[in-house]
Every structure is written in structure tokens, then in C-alpha cells.
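Report on one structure; see the data block that follows.
The values are calculated or read from the model by the stated rules, or taken from the named source; none is laboratory data. Since this is a predicted model, take the numbers as computed values, not measurements. In this analysis, Cβ positions are derived from the backbone assuming ideal geometry, glycine residues included, and neighbour counts consider all displayed protein chains. Please note that ligands, DNA and RNA were not included when accessible areas were found on the heavy atoms of the full protein model with its side chains. Shrake-Rupley method; radii C 1.70, N 1.55, O 1.52, S 1.80 Å.
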Amino acid sequence: LPFIVFIKNTDKISKTLFVIEEPEAHLHPKAQIQMAKFLVLLSNFGAKVVVTTHSDYILNEINNCIKLNSVNTDKESKKFAIDKENVSAYLFKNDESETTVNRLEIDKFGISNENFDEVLDELLDRSNELSEKILDNE
């Protein structure tokens, strides 16, 4: 709601810098996807948008918006498309003694998100392993 109020009351969106920490906080996954589209829309209106997130939903929807930029689609959908050249992504990693910052590659398929995929793969592997143990005990 604060975003909507702000945007309705400003005529200088292209001169606005939004810094948003964890926009996914307290949002249902479907709302996180809508938030990602909203962030892309802000950028497409010329705003500068800086976001920190742990949400694979937001990251994957931004990837969809990057892909949409390469697809012929209707005008309504195209407003959520974003050129990969207008997106930067960084991964901050904490080791025992230092924090490293790595720029992630972005291509026509979106932001490389191996970091999120690795965690999801571990979760799915564990779930499958437990399901197999349950079936073995039957």
C-alpha cells in the first residue's frame, strides 16, 4: 500500500530511487510474484530499483520478465518484460572470516540462480529419500 500511495502522488517516478529490503517479507508466494512484476514495472517507468531478497519466487519471476523481453507477446504482457541489460544481480556469501560479493551472470534466460537451485535440490532429495524410507517400511 505505501508504494501505491507514493506512486499515485508523484509525477517524477523516473527520478525516484527505491531501495527495498526483503520485499517478500510476509507475502504469500503468489503475492511475491506480483511484487516482482511490480518492481519490473517501476523500472520500466524509469525508476531505479535496488532490492535485497532471499526469495526464489521473486528471482524466478524476474527471470520470467527477462525471458518475456525475447518473446513476441501482446502489449499488456510486454509491459512486464525487462531487458537483461537493465538488470544486475549480486550474490553475497558469508564465509567464516569474510563476505564475498559475486556478480551473477544474466542472459536471455535470466539471472543464474544456482545458489537457490542447490538448496531446492537438497530439499527435494531429502524429501524423496524420506518418502522411499516410508514406502520401504510398508
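Taking a 27 Å limit on the Cα-Cα distance, which of the listed pairs K8/K93; K30/K133; K93/K133; K8/K67; K48/K75 fall beyond it?
Details: K8/K93 37 Å; K30/K133 33 Å; K93/K133 34 Å; K8/K67 29 Å; K48/K75 23 Å.
Result: K8/K93; K30/K133; K93/K133; K8/K67 exceed 27 Å.
Once you have the Cα-Cα distance between L17 and V5, take 0.36 nm times their residue separation minus that, and quote the gain in nm to one decimal.
On the way: separation 12, 0.36 × 12 = 4.32 nm, distance 1.57 nm.
Difference between extended and current length: 2.8 nm.
Can you give the extra length, in nm with one decimal, that the chain gains between D117 and S88 once fully stretched, where that is 0.36 nm per residue apart less the Cα-Cα distance?
Working: separation 29, 0.36 × 29 = 10.44 nm, distance 1.89 nm.
Length gained, D117 through S88: 8.6 nm.
Taking the Cα centre as origin and putting +1 on Lys and Arg beta-carbons and -1 on Asp and Glu beta-carbons, what dipole magnitude results for the chain, to the nearest 20 debye? Provide the component values of the computation, followed by the final result.
Values: 16 positive and 25 negative charges, 288 e Å.
Here the size comes out at about 1380 debye.
Along the charge dipole of the chain, pointing to its positive end and built from +1/-1 on Cβ of Lys, Arg, Asp and Glu, which listed residue (S55, N102, A31) has its Cα farthest out?
About the Cα centre, the residue reaching furthest to the positive side is A31.
Of the candidates D11, D121, D95, which one comes out as most mobile in a Gaussian network treatment of the chain with C-alpha springs shorter than 10 Å?
D95
Carbon and sulfur: what percent of the chain's accessible surface (1.4 Å probe)?
Numbers: 5390 of 10390 Å².
About 52 percent, which is the carbon plus sulfur part of the accessible surface.
With runs of 4+ DSSP H residues as the only contributors, calculate the mean residue ellipticity of the chain at 222 nm using -39,500 (n - 2.57) per run, divided by the residue total and rounded to the nearest 500. Intermediate results must be reported in sequence, preceding the final value.
On the way: 5 runs with 63 residues, N = 138.
Computed ellipticity for the chain at 222 nm equals -14500 deg cm²/dmol.
Counting heavy atoms of the protein chains only and a 1.4 Å probe, report the per residue accessible area for the chain as a whole number of Å².
Working: 10390 Å² over 138 residues.
Counting only protein heavy atoms, the per-residue value for the chain is 75 Å².
Could you list log10 I(q)/I(0) for segment 1-77 at q = 0.17, 0.24 Å⁻¹, which the Debye formula gives when each Cα is one point scatterer?
-0.71, -1.24
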